[in-house]
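Taking it in order: structure first as structure tokens, then the write-up.
What follows draws every value from the coordinates through simple rules; no lab data is involved. Treat the numbers as computed from the prediction; the structure is a model and nothing was measured. Methodologically, a virtual Cβ is constructed for each residue, glycine included, from the backbone with ideal geometry; neighbour enumeration extends over all protein chains shown.
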Amino acid sequence: MQLGKKMESSRRYILQAEIDYWHEMLHLNRNTLSDQKEDEMRLLLKQALRDLNSNQYRDLRAAA
């Protein structure tokens, strides 16, 4: 059981780092990105946010 919690915590940490990365890359490169690249990066950011939120929701359901 402990291993599962540690893995889930690590997954959340990695997802948060990915979110921070894509957000920063979009912010820093907004003037030089093509529309297509910006859309791709925003899609990756949204997917990481969805993944993080779905994990948190699952954790809350398990706690209830």
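A few comments on the model shown:
- Inter-label distance, residue 49 to residue 24: 1.9 nm, where each label sits 7 Å from its Cα along the C-beta direction.
- Note on residue 6 and residue 32: the model spin-label points, each 7 Å out from Cα along the C-beta direction, lie 4.1 nm apart.
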